[in-house]
Amino acid sequence: MKFVSEKPKTTISVIKADIGSLAGHHVVHPDTMAAAAKVLAEAKSKGIIVDYYVTHAGDDLELIMTHKKGVDSPEVHETAWNAFKEAAKVAKELGLYAAGQDLLAEAFSGNVRGLGPSVAEMEFVERPSEPIVVFMADKTEPGAFNLPLFRVFADPFNTAGLVIDPKLHDGFKFEIYDVMAGKYVVMNAPEELYDILALIGTPGRFVIRRVYRKSDNEIAAVVSVERLNLIAGRYVGKDDPVAVVRAQSGFPAVGEILEAFAFPHLVAGWMRGSHFGPLMPVSQRHARCTRFDGPPRVVALGFQIKNARLIGPSDLFDDPAFDETRRLAQMIAEYMRRHGPFMPHRLGPEEMEYTTLPEVLQKLQNRFVEAKLYEVKGPKVKTELLE
Ligand code: F6R
Ligand code: MG
Ligand code: MG
């Protein structure tokens, strides 16, 4: 009889929800974080999870957990669900704004996916030293990570290692999820760069969900792809996303991972989930949205994982090296704001979370005057794919 000794695996689960916040949709209240931390402490003492770190990005409560139970573990998901429930209870007691907002279901049923919270989880055999970066964004959508993750894992102008480190030189595989159709496709970089970009350039629909190292299929990154409005069938808040990225020795360096956020690209979200604005990398202290409920921001916490314990974090954007990015983000924010209710500051009608357009059109129905100035033959560009 042959014994195959399997190396023990560690799972990191980052699960988040907006369960209500202080001063509108601004910032998580510390008492709700304490309520969630209590549930996680109990789960740790029962051996369900090995370690945890509770934090927030703006109005989103973030649970970072490590354990040995693999992805989609019902026990771990139930722990997160209970933590959110307890936190939401406190939010209701304190009269916090939108208390319980993201908890769409009454009862837990095996997995938090589809119940409101967003999830980014990965399982791996720990390297002797395992650095990871956890990204948490507020006032934007999962596709906001498309551009920076593409740059980290496929753009040699961002990631020097793709060119000069033999361990990265083969490239990476992108699992791209179609949030409308509920399908995914795995594509190779650098071979299929242009096809990958053809998809992920539409970040409201095609979202990078996972990245694997091509040479050995090792998981490199994972992003939460839940879109709340698609789950609930109505607007219930933005799907402020989270991501986990593994770093160093065979993966991009921490500095290469952070470098992709030095450009504050335009993302959908901001005020009422209906505006484009720059994604501003900030320290944990500044992870609280103010101007026009924004601008959208992202926090990066660096950890080492050792025997499933979380060592850290280090607040990675808490650095003057990102001051110029932040300054540029302010200038872009100012420029975009000057457009007021006009596109392209305001999102297109199909992506807006709030709209009065149907009512306004209805009201004006009898005042529109027929005027066939030319024959309309329909759109020239094929749009079926995007309908
Ligand atoms: C965006 C967000 C906020 C709210 C806005 C209006 O994701 O959470 O910008 O959309 O503050 O909120 P309500 O409708 O709750 O007054
Ligand atoms: Mg909120
Ligand atoms: Mg939020």
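The values are calculated or read from the model by the stated rules, or taken from the named source; none is laboratory data. On a predicted model such as this, the values are computed, not experimentally measured, just so you know. FYI the Cβ positions are ideal-geometry reconstructions off the backbone, even for glycines, and counts take in every protein chain you see.
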Please indicate, with yes or no, whether at least one residue in the stretch 137-154 is among the acidic types (D, E), away from ligand 3 (no atom under 16 Å from the Cβ) and either farther than 26 Å from Q248 by Cα or touching a Phe, Trp or Tyr at 6+ places or on another chain (Cβ under 7 Å) (or both).
no
Out of curiosity, is F276 aromatic (F, W, Y) and under 20 Å from the mean Cα position of the chain (by Cα)?
yes
Looking across the stretch 297-336 at residues that are under 22 Å from D240 (Cβ atoms) and in a loop (DSSP other than H, G, I, E, B), the single one that is farthest from the chain's Cα centre (by Cα) is D318
Quick one: which strands (runs of 3 or more DSSP E) lie wholly within the stretch 214-296 and hold at least 2 residues that are buried (at least 18 other Cβ atoms within 10 Å of the Cβ) and not aliphatic (A, V, I, L, M)?
275-278
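Just one of S21, S45 is more than 23 Å from G302 (Cα to Cα), within 16 Å of ligand 1 (Cβ to nearest atom) and among the polar types (S, T, N, Q); which is it? Spell out how you get there, then give the answer.
Values: S45 fails: within 16 Å of ligand 1 (Cβ to nearest atom).
Being more than 23 Å from G302 (Cα to Cα), within 16 Å of ligand 1 (Cβ to nearest atom) and among the polar types (S, T, N, Q) holds for just one of S21, S45, which is S21.
Considering A253, A243, A160, which residue is aliphatic (A, V, I, L, M), in contact with a Gly (Cβ under 9 Å, 6 or more places away or on another chain), within 23 Å of V133 (Cβ to Cβ) and touching a residue at least 12 places away in the same chain (Cβ under 8 Å)? So that I can check it myself, show each step before the final result.
Details: A243 fails: in contact with a Gly (Cβ under 9 Å, 6 or more places away or on another chain); A160 fails: in contact with a Gly (Cβ under 9 Å, 6 or more places away or on another chain).
After ruling out the rest, the residue left standing is A253.
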Run E353 past the list (1) buried (at least 18 other Cβ atoms within 10 Å of the Cβ); (2) more than 22 Å from H26 (Cα to Cα); (3) of a type in the set (D, E) and report the number of the one that doesn't hold.
(2)
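Just a yes or no: is a residue in the stretch 278-287 touching a Phe, Trp or Tyr at 6+ places or on another chain (Cβ under 8 Å), at pLDDT 95 or above and basic (K, R)? Steps first, please.
Step one: list which residues in the stretch 278-287 are touching a Phe, Trp or Tyr at 6+ places or on another chain (Cβ under 8 Å), which gives 279, 281-283.
Cutting the leftovers down to at pLDDT 95 or above gives us 279, 281-283.
The next check asks that each one be basic (K, R); those that pass are none.
The answer is no, given that none of the residues of the stretch 278-287 is touching a Phe, Trp or Tyr at 6+ places or on another chain (Cβ under 8 Å), at pLDDT 95 or above and basic (K, R).
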Which one is farthest from L147 (Cα to Cα), of the residues in the stretch 191-221 that are touching a strand residue (DSSP E or B) at 6+ places or on another chain (Cβ under 9 Å) and of a type in the set (V, I, T)?
I219
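This table checks each residue for (1) within 16 Å of ligand 3 (Cβ to nearest atom); (2) closer than 24 Å to G143 by Cβ; (3) modelled with pLDDT of 95 or more.
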site: V298; (1), (2), (3): yes, yes, yes
site: D315; (1), (2), (3): no, no, yes
site: D319; (1), (2), (3): no, no, yes
site: F322; (1), (2), (3): no, yes, yes
site: I332; (1), (2), (3): no, yes, yes
site: R338; (1), (2), (3): no, no, yes
site: P344; (1), (2), (3): no, yes, yes
site: E351; (1), (2), (3): no, yes, no
Spot the failing condition for R210; the list is (1) surrounded by fewer than 22 Cβ atoms within 10 Å (Cβ to Cβ); (2) within 14 Å of the chain's Cα centre (by Cα); (3) closer than 18 Å to M336 by Cβ, and only one is missed.
(3)
Would you be able to say whether some residue in the stretch 189-199 is within 18 Å of the chain's Cα centre (by Cα) and charged (D, E, K, R)?
no
